[in-house]
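Notes follow the structure.
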Amino acid sequence: MYREFYGLNQAPFGITPDPEFLRLTPSQEEALASIVYGVDQRKGFVVVTGDVGLGKTTILRFYLDKLATERLTTAYVFDPNVTFKALLGTIYRELGIAGRPADVHEMVNRLHEVFIEEYRQGRNVVLIVDEAQNMPVETLENLRVLSNLETSTDKLLQMVLVGQPELAVKLERHELRQLRQRIAVRSTLVPFTEGESLAYIEHRLSKAGASSASVFTRGALREIVEHARGVPRVINILCDNALVNGLGCQKKPVTVRIVREAIADLTGHVRVRWLPWVWASLVAVLAAGALFLASPYRELLLVSAETPAQLPAVPPEPPRALPLAAGGEDWVPLTDEEVVAAPPGPAAGEMTVADAPGATFVATVVVQEGDTLFKLARGVYGFADEQVLRRVLETNPGIKDSDTLFVGITIRFPAIRALGSGKSQLP
């Protein structure tokens, strides 16, 4: 769907295990080498474990498609949650053995004859069990019976068990100790490092006829790698969804914002990022609280808050003129009558009106979801235009884009001269 837009000759981030896109990390090379060595040297049992999505099945497919020789006879089991007798039936079917006996003992004897004949012809029989953590303990224990099929020098059947970490836990059970002693080769897959993740994305895009720089920004790649945590399946899914979103936005290359939208779509929630001024506001609040607790007037303040009627009334000080920085003919010091206060009633955002004498701004607003700078300015001043927005942005240099406000930040609204009749008024 997005291939033409991004200049790709094929989809690079499919979720099916495609050996054509395999780029081996050191951990995957070790796992593949363990399979090759264990089978070629007729070691009997090989066990490969790794967490979900690390590429175990892809390695198996690569081995069977690219490395298996004509002298290899393979039985592949992808649903091992079966009884031992059903497993034997699968082996018969995979190897094309006719005349299957009804008795388990006779089935094993017949397999022994077949394996010996394969051995005489210089062929090697291998049983590959994918998702082996799902195999019942009793069935696993009976695999030991098949491992006893051997000549005086070589094993007649090689068994490769591939599964999640639960397989390693299951093999530690006491009833499987005899099987555990027969495991000759073990290997464990680990997640990609950051460098391996970036190289993995670049490799797949290169195989599809593009480069990472033409498809993703650096920030987007960092966001993908950080979220995927070294799991190639997650990398594939996230990259694919980000490219779909990028096509919808007609954005090339894919940006950090598009990747974050893809993450939100996949996880069902948006990751909260604490911006520097949010931390600064939090520190200021905590510092003010500490000063209040240490103040010698703390008890008096608490009493006055609880019993305001007992304190003498103090007449409010008249507002002073608010000095402003230079910003054009409309931005001049105000008289007492010209100070704009936040209007009562429902206003955008969570508002606190600055009513302290000498304040240089009339309100601070904590941004809520759905707020825009235009909407907040109109709620504070009762009107908003380009000059108002420009003045607010000058007062809040941390805001880089008036159309994108992060929830939780605080915006200061400076005191400005109320617009006269010559200016347009907003409803």
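Values in this text are rule-based calculations from the coordinates and carry no lab data. Just so it is clear, the structure is predicted and the values come from calculations on it, not from any experiment. Ideal geometry is used to build each Cβ from the backbone, glycine not excepted, and the neighbour counts take in all protein chains shown.
See the values below:
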item	result
Charge sum, other residues only, whose C-beta stays under 11 Å from ALA377's C-beta, Lys/Arg counted +1 and Asp/Glu -1	+1
Selection of trypsin sites (Lys or Arg not before Pro), segment 205-249, meeting DSSP coil and at most 15 other Cβ within 10 Å	ARG229
Gain on full stretching of the segment that runs from THR267 to LEU64 - 0.36 nm per residue minus C-alpha separation	69.6 nm
Charge context of SER214, other residues only, Cβ under 12 angstrom, K/R +1, D/E -1	0
Cα-based shape type of segment 42-103, given that a ≥ b ≥ c are square roots of the gyration tensor eigenvalues and the cut on a/c is 1.5	oblate
Derived scalar couplings ³J(HN,Hα) [segment 393-410; Karplus, 6.51 cos²θ - 1.76 cosθ + 1.60; whole Hz; x for Gly, Pro]	5, 5, 6, 10, x, x, 8, 8, 9, 5, 8, 10, 10, 7, 4, x, 7, 9
³J(HN,Hα), Karplus 6.51/-1.76/1.60, whole Hz, each residue of segment 75-81, x for Gly, Pro	10, 10, 10, 10, 10, x, 7
Alpha-carbon centroid distance for the pair segment 30-71 / segment 2-16, whole angstrom	28 Å
Amide proton proximity set for THR73, modelled H, under 5 Å, gap of 5+	ASN124, VAL125, VAL126
Long-range amide H partners of ILE97 with built H, under 5 Å	none
Cβ-defined net charge surrounding ASN9, 13 Å radius [Lys, Arg +1; Asp, Glu -1]	+1
Per-residue ³J(HN,Hα) for segment 34-43, Karplus 6.51 cos²θ - 1.76 cosθ + 1.60, θ = phi - 60°, Hz, x for Gly and Pro	5, 5, 4, 5, x, 6, 4, 8, 6, 7
Mean separation of Cα contacts under 8 Å, 6 or more apart, over the residue count of segment 96-175: relative contact order %	34 percent
FRET efficiency estimate (nearest 0.05) - Cβ-Cβ, PHE406 to PHE383, R0 30 angstrom	0.75
Gyration tensor verdict on segment 26-188 (Cα atoms; rounded if a/c is under 1.5, prolate if a/b is larger than b/c, oblate otherwise)	oblate
Segment 30-120: trypsin sites (Lys or Arg not before Pro) in DSSP coil with no more than 13 other Cβ atoms inside 10 Å	ARG71
ARG71-ASP103 pseudo-label distance in nm [points 7 Å out on the Cα-to-Cβ vector]	3.6 nm
Amide hydrogen neighbours beyond the local backbone of ILE409, cut-off 5 Å, H modeled	VAL367
Cα-based equivalent ellipsoid, segment 126-235: semi-axes from gyration tensor eigenvalues, Å	41, 16, 10
GluC sites (Glu not before Pro) lying in DSSP loop within segment 92-199, provided at most 13 other Cβ fall within 10 Å	GLU172
